[in-house]
1. Given the options Glu159, Glu209, name the one that is open to solvent by 20 Å² or more (accessible area, probe 1.4 Å), assigned to a strand (DSSP E or B), touching a residue at least 24 places away in the same chain (Cβ under 8 Å) and closer than 30 Å to Gln345 by Cβ.
2. May I ask you to verify whether Tyr139 is touching a residue at least 12 places away in the same chain (Cβ under 8 Å) and within 16 Å of ligand 1 (Cβ to nearest atom)?
3. Going by what's in this entry, would Thr62 be described as polar (S, T, N, Q) and within 16 Å of ligand 3 (Cβ to nearest atom)?
4. Say whether the condition of being away from ligand 3 (no atom under 15 Å from the Cβ), modelled with pLDDT under 95 and surrounded by fewer than 24 Cβ atoms within 10 Å (Cβ to Cβ) is met by at least one residue in the stretch 431-442.
5. Quickly run through the stretch 1-19 and pick out the residues that are closer than 26 Å to Pro102 by Cβ and open to solvent by less than 30 Å² (accessible area, probe 1.4 Å).
6. Is there a residue being within 16 Å of ligand 1 (Cβ to nearest atom) and among the aliphatic types (A, V, I, L, M) anywhere in the stretch 351-361?
7. Could you grab me the full set of residues in the stretch 364-407 that are in contact with a Leu (Cβ under 8 Å, 6 or more places away or on another chain), open to solvent by less than 20 Å² (accessible area, probe 1.4 Å), over 14 Å from Ile196 (Cβ atoms) and modelled with pLDDT of 95 or more?
8. List pairs: first in the stretch 302-323 and polar (S, T, N, Q), second buried (at least 16 other Cβ atoms within 10 Å of the Cβ) and at pLDDT 95 or above, Cβ under 6 Å, 6+ apart or cross-chain?
Amino acid sequence: MDSITSYIETNKERFLNELIDLLKIPSISADSAYKNDVKTTAEAVKTQLELAGCDVVEIHPTKGHPVVYGEKIIDKNLPTVLVYGHYDVQPPDPMDLWDSEPFNPIIKPTDRHPEGAIFARGACDDKGQMYMHVKALEYMVKEQKLPCNVKFMIEGEEEVGSEHLADFIKANRDKLQNDVILISDTGMIAKDVPSITTGLRGLSYVEVEVTGPNRDLHSGLYGGAVANPINILSKMIASLHDENNHITIPGFYDKVEELSNEERAKMAEAPFSLDKYKASIDIDAVYGEEGFSTNERNSIRPTLDVNGIWGGYIGEGAKTVLPSKAFAKISMRLVPNQDWQEITQLFKTHFENIAPKGVRVKVNPHHGGQGYVTPIDSKGYQAASKAYEKTFGKTPIPQRSGGSIPIVSLFEQELKSKTILMGFGLDSDAIHSPNEHFGVWNYLKGIETIPWFYKYFTELNN
Ligand code: BES
Ligand code: MN
Ligand code: MN
């Protein structure tokens, strides 16, 4: 695989331009106005997989957005790597906070990426990281280095909960059979501190609606005598955490795995600067559950956060109104063993219970998924670790992430194989935020590292 570096040197302009072309298509899965763009993106991914050397590439329509499937099978007796990624992106809002157009990619340097970063929605999450795998395949096929079989499953609904991918997987278990699943849709600690993600949090996402009077009322004539849904909703939300920032929903922590002191000590060895963390997001203090460090709070502990809250008058000036309704979107990040459907039910029961007389409460579950932990003694992890050692000159640190890729636990359940999360993004890459970007260095480093994974994984399976 040593020729990968010269292959990248020769082809890097094209690798960048091909990614830029993909980033120009606004594949926003959440917004039905972009349904056609999502489809066009699937077709572009298909073309690239064909050009990279897949023998078979198919677009599978679903009830939602299509799944792109590709494969190159060289020998049935060799191991098979299944690459998963997503070509859909988050909505770019709020638009006015972007310094450049979200779907008109530009490359410019940043503090962390002096060699340049590609700014566009999806640059890091996940078009850029997914393309690293396509380009790595191209190299292995063109230079006759592919040591095993490879399958690709690139979906268009990750950012909206992968609802229809689950059906696709259940209907295609044989086709998707593999020895390891490889994903680049997470991050690493720093450019000089490689890490492998060993855990993802689960998710339960609900929307709540509090209804008071049957219409908006004059806040002078009725104020003080009628329950105000916004006041009530705020109180109810505030009561979901106690003074130690523990979540108060009965049963919420019942299945949370407590890590041993050794494991916690090991976690604390990962390089981390609280001052830099605070400075990077411009806060003067961190905040969270009593008794846990920042890195524990955002990885091994469950959370409950309001993602949006609205109701009443929010236009210009003042309008004296006592609103009829108030709403909030609430997400709970879960840790492995917590069942998302059970937690959703616990939330619903509790939230309905704490509603005072005078209002009606509705809880509408959105989507969710289980958390995931991957062992570090598997062949897949060992192969990934060796690959990073080769290209970074350092052993990667295993690290649990706070983010979620809910479909990963279903992979294990349906396909019975472990997932390896080789992420090359940085926390500062602003995924889901304005000015999302992906370092050119990170993109190329991913392309360089991935072929080594294939080599070592195949060797370890011999
Ligand atoms: N790629 C992210 C998840 C991620 C990012 C995990 C960084 C670890 C590190 C994925 O696209 C994502 O955004 N997932 C959603 C969940 C989904 C159901 C909308 C999330 O974590 O909010
Ligand atoms: Mn992603
Ligand atoms: Mn995402």
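1. Exactly one of Glu159, Glu209 is open to solvent by 20 Å² or more (accessible area, probe 1.4 Å), assigned to a strand (DSSP E or B), touching a residue at least 24 places away in the same chain (Cβ under 8 Å) and closer than 30 Å to Gln345 by Cβ, namely Glu209.
2. no
3. Considered against the rule, which asks whether it is polar (S, T, N, Q) and within 16 Å of ligand 3 (Cβ to nearest atom), Thr62 comes out as no.
4. no
5. Phe15, Leu16, Leu19
6. no
7. Answer for the stretch 364-407, where residues must be in contact with a Leu (Cβ under 8 Å, 6 or more places away or on another chain), open to solvent by less than 20 Å² (accessible area, probe 1.4 Å), over 14 Å from Ile196 (Cβ atoms) and modelled with pLDDT of 95 or more: Gly371, Ile405.
8. So the pair list comes out as Thr303/Arg333; Asn307/Lys329; Asn307/Ser331; Thr320/Ser219.
The values are calculated or read from the model by the stated rules, or taken from the named source; none is laboratory data. A quick note: this is a predicted structure, and the numbers were derived from the prediction, not measured. No Cβ is skipped: glycine too gets one built from the backbone with ideal geometry, and neighbour counts run over all protein chains shown. The accessibility values were calculated without ligands, DNA or RNA, using every heavy atom of the protein model including side chains. Shrake-Rupley method; radii C 1.70, N 1.55, O 1.52, S 1.80 Å.
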